[in-house]
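Read the structure below first, then the notes.
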Amino acid sequence: MRIAAIDVLAWVLNVASSVAIVFVNKWLMDPVRGHGFVFATCLSAAHFLATGAVCYTGELLGLVKTAEIPILQLMLYTAVASASIASVNLSLLYNSVGFYQISKLATIPVVAALEAVWCGRRFSTPTLMSMAAVAIGSGIVTISDVSLRFTGFVIAAISVVTAALQQIGVGALQRQNAVGPVETLAATAPVQGMCLAAFGPSIDYSLRRAWVFRYPFTVSTGGILALSCVVALLVNLSQFMCLGRFSAATFQVMSHTKTISVLLLGWAFMGDVMSPRKVVGVVVAVGGMVAYSHFASLPLPPGLADRPASGWGLADKRGGGSGAGAHPLDEEKAAAVVAGDERTRLLGGTDSEELHTAAPSSYPSAVSQ
């Protein structure tokens with residue numbers, strides 16, 4: 001019961017903070033109704049540096065344990081996560097908004113494929129169809145114009161793969177090193193923040209043809225930037241909690257509740273138009289989420305059992321399992337929590353803990369992972 005309560009808390013916190021940061025960043029980045037701070041990669045750097053500073057303070061006060069993560073794992077994760085943010089922003093530069101949204105939706109099947117290959121996870125046909133319904137419904141809502149260039153396609157492919165690897169990597173770091181989400185975030189956030197701070201200004205200049213150093217900061221802008229960093233701390237913490245407890249595939253599927261929430265809140269409070277096409281997309285996406293919650297909670301058919309992990313070294317120090325069993329909670333448990341189903345179970349004997357922030361619709365960019 002306690003585990004289920006923490007699961008629900010982590011998910012509610014992730015959805016609420018992810019939706020909140022969209023509107024905070026819109027206030028900060030919108031050049032018409034906001035403050036025109038359009039430097040998304042530099043904003044990501046600020047988010048991670050602020051998160052790292054808070055975690056470091058927690059370590060000094062004895063509230064957070066220092067994680068012992070091998071330097072090679074830490075640098076590899078940092079490189080992948082930073083490349084994910086940079087490539088997502090560059091993807092928007094080289095692609096139409098429509099293809100950019102398609103590439104983000106493509107993360108669902110890529111995550112599922114990587115989990116199947118490297119984590120030994122297996123999905124039933126109805127579960128895969130439910131994933132497809134979520135992606136199709138979200139696509140109906142978000143995709144409009146679509147144009148494609150080869151360079152843009154390559155960058156989009158890199159952004160999809162690195163985003164999938166980053167989400168799988170968060171859970172792998174926690175399981176491999178027997179550390180919780182806060183400790184993992186404390187170890188990775190400062191390094192990722194410094195990496196983005198080093199390359200962010202150049203990336204943002206290529207996107208906006210303006211240097212962040214020349215932005216006319218005001219007290220008001222500083223206050224909103226600080227608020228964005230506070231909300232980003234909650235986003236990052238809740239994401240690490242979710243990815244440490246649920247599989248990356250479940251996180252991807254249920255993350256589209258944030259897309260639907262932003263759409264509905266924009267319609268309810270900001271005067272956005274809810275066209276019939278968007279209504280259909282919402283219905284399809286929500287139906288896919290409900291179906292996923294049901295089918296993922298069912299036992300796999302005979303002959304489709306999860307197999308041991310291969311090629312990634314995902315052994316869990318805390319549970320002794322491997323592959324799917326190394327996950328603290330499997331697809332069934334994660335989906336059952338979302339659906340309110342009490343039929344949950346543990347596989348590995350463990351008990352551990354995108355653009356989630358889009359700018360305004362004219363500036364869809366990844367701000368933190």
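The values are calculated or read from the model by the stated rules, or taken from the named source; none is laboratory data. The shown structure was predicted, so the numbers you read here are calculated from the model rather than taken from an experiment. Virtual Cβ from ideal backbone geometry, glycine too; neighbours counted across all protein chains shown. Please note that ligands, DNA and RNA were not included when accessible areas were found on the heavy atoms of the full protein model with its side chains. Shrake-Rupley method; radii C 1.70, N 1.55, O 1.52, S 1.80 Å.
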**Prompt:** Do we find a residue being surrounded by 23 or more Cβ atoms within 10 Å (Cβ to Cβ), of a type in the set (Ser, Thr, Tyr) and within 19 Å of Leu43 (Cα to Cα) anywhere in segment 159-166?
**Reply:** yes
**Request:** Sort through Tyr215, Tyr292 and tell me the only one that's of a type in the set (Phe, Trp, Tyr) and within 23 Å of Pro31 (Cβ to Cβ).
**Result:** Tyr215
**Fill in**
Scanning segment 235-288 for residues that are surrounded by 15 or more Cβ atoms within 10 Å (Cβ to Cβ), of a type in the set (D, E, K, R) and in a helix (DSSP H, G or I) gives Arg245, Lys258, Lys278
**Item:** Scan of segment 231-282 for residues that are of a type in the set (Lys, Arg) and closer than 30 Å to Arg121 by Cα, ordered by number
**Value:** Arg245, Lys258
**Message:** Suppose we filter Ala232, Ala163 for residues that are touching a strand residue (DSSP E or B) at 6+ places or on another chain (Cβ under 6 Å) and assigned to a helix (DSSP H, G or I); which single one remains?
**Reply:** Ala232
**Message:** Take the residues in segment 96-107 that are under 15 Å from Ser84 (Cβ atoms) and in a helix (DSSP H, G or I); name whichever of them is modelled with the lowest pLDDT.
**Reply:** Tyr100
**Request:** Identify all residues within segment 250-282 that are hydrophobic (A, V, I, L, M, F, W, C), touching a Leu at 6+ places or on another chain (Cβ under 9 Å) and within 30 Å of Val182 (Cβ to Cβ); write none if there are none.
**Result:** Phe251
**Prompt:** Looking at Thr66, is it outside any loop (DSSP other than H, G, I, E, B) and within 20 Å of Met241 (Cα to Cα)?
**Reply:** no
**Message:** I'd like to know if segment 13-21 contains one or more residues that are modelled with pLDDT of 90 or more, among the hydrophobic types (A, V, I, L, M, F, W, C) and either assigned to a helix (DSSP H, G or I) or open to solvent by less than 60 Å² (accessible area, probe 1.4 Å) (or both).
**Reply:** no
**Fill in**
Selection over segment 68-82 where residues are small (Gly, Ala, Ser) and open to solvent by 40 Å² or more (accessible area, probe 1.4 Å) yields a count of 1
